[in-house]
1. So how do 115-127, 55-67 stack up, highest first, on mean other-Cβ count within 10 Å?
2. May I ask which of Lys98/Lys217; Lys217/Lys260; Lys130/Lys225; Lys130/Lys217; Lys35/Lys93 have a Cα-Cα span longer than 22 Å here?
3. Label-point separation (nm) for Asn244 and Ser13, each offset 7 Å from Cα along Cα-to-Cβ?
4. Go ahead and run the numbers for FRET between Arg51 and Leu232, Cβ-Cβ distance against an R0 of 35 Å, rounding to 0.05.
5. Mind listing which chymotrypsin sites (Phe, Trp or Tyr not before Pro) in region 34-142 are in a DSSP loop and have 14 or fewer other Cβ atoms within 10 Å?
6. Just from its helices, what would the mean residue ellipticity at 222 nm be for the chain, if runs of 4 or more DSSP H residues each count -39500 (n - 2.57) and the sum is divided by every residue, rounded to the nearest 500 deg cm²/dmol?
7. State, to one decimal in nm, how far the label point of Ser29 lies from the label point of Leu42, with both points 7 Å from Cα in the Cβ direction.
8. Just want to confirm a number: the relative contact order over the chain, from Cα pairs under 8 angstrom separated by 6+ residues, in percent.
Amino acid sequence: MDIPGYRIIRQISRGGLADVYLAEDESRSMQVAVKVVSAFLLALDPSLAERFACQGRQLARLRHPNIVQVYEVGAAAERVFLSMEYMPGGDLKSRMRKSLSVRETRGILVQLASGLEAVHREKLVHLDIKPANVLFDEYGRAALADFTLVRFGDTVSTRKRDSMVILGTPHYMSPEQASGNPLDDRSDIYSLGVMLYEMLTGNPPFDDENLLNIASKHLQDPFPKLPPHHALYQPLVDCMTSRNPAARFGDVRELLHYLKTLP
């Protein structure tokens with residue numbers, strides 16, 4: 001991989017859409033993460049390059065300590081790339097393999113809600129909030145990453161729009177997203193509530209070998225209750241993960257206000 005202005009050090013991760021590399025930004029004299037779109041997918045759908053670049057430009061406008069910062073959107077050797085803040089502390093998925101304390105869980109939740117409030121303030125929705133998309137720096141600061149940002153007015157649809165299908169991750173997908181119904185920022189609140197449940201219990205609320213069955217459980221099954229020793233957080237989880245979006249927090253500001261009332 002050769003990108004002018006960057007010295008590639010090693011590959012960090014490989015994904016279906018893009019690969020991520022640790023690199024030295026020679027102009028800034030610092031380490032960054034460089035996300036490069038799959039050449040295979042670009043060959044199948046050349047319009048993906050512009051959509052990826054548009055997403056990067058949207059991300060670059062967001063400046064918040066709990067959102068992974070995008071520094072540059074560029075192209076090299078017919079490949080589109082994003083240069084982003086490097087977060088060496090790993091992701092939340094890895095951290096949850098060990099038991100998280102209630103204090104750690106609450107601190108992470110507040111940080112993520114703060115970042116999400118900034119996202120929603122810009123009329124954007126994340127649509128794929130999950131532990132693998134929460135990264136940490138060397139000091140323990142949590143930040144949202146890997147956005148599937150889509151501009152919306154009052155709502156956004158998960159059906160086809162401009163030849164793009166917006167997907168999510170079934171374990172953390174809201175009922176309205178799973179059913180392809182119009183969404184607003186309360187869908188992100190649901191996903192964050194699912195993640196809160198998993199941080200407190202060590203397991204997602206619904207699981208199955210078949211991903212479609214997991215989505216179906218979000219649509220049909222009662223959301224499981226927390227164990228008794230986490231009863232203080234049951235009303236919070238209930239409000240965040242109600243199947244009816246109207247019964248959830250109206251926005252993330254309401255969620256943050258509620259968190260401040262907890263002892």
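Since every read-out is calculated from the coordinates, none of them should be taken as a lab result. Treat the numbers as computed from the prediction; the structure is a model and nothing was measured. Cβ sites come from the backbone with ideal geometry, for glycine too, and all protein chains shown count toward neighbours.
1. Answer by packing, highest mean first, reads 115-127, 55-67.
2. Working: Lys98/Lys217 26 Å; Lys217/Lys260 31 Å; Lys130/Lys225 20 Å; Lys130/Lys217 17 Å; Lys35/Lys93 20 Å.
Too far apart for the 22 Å limit: Lys98/Lys217; Lys217/Lys260.
3. The two pseudo-label positions are separated by 3.6 nm.
4. Approximately 0.25, to the nearest 0.05.
5. Details: sites: Phe40, Phe52, Tyr71, Phe81, Tyr86, Phe136, Tyr139; in loops: Tyr86, Tyr139.
Passing sites in region 34-142 are Tyr139.
6. -10000 deg cm²/dmol
7. 3.1 nm
8. Dividing the mean separation by the residue count of the chain yields 13 percent.
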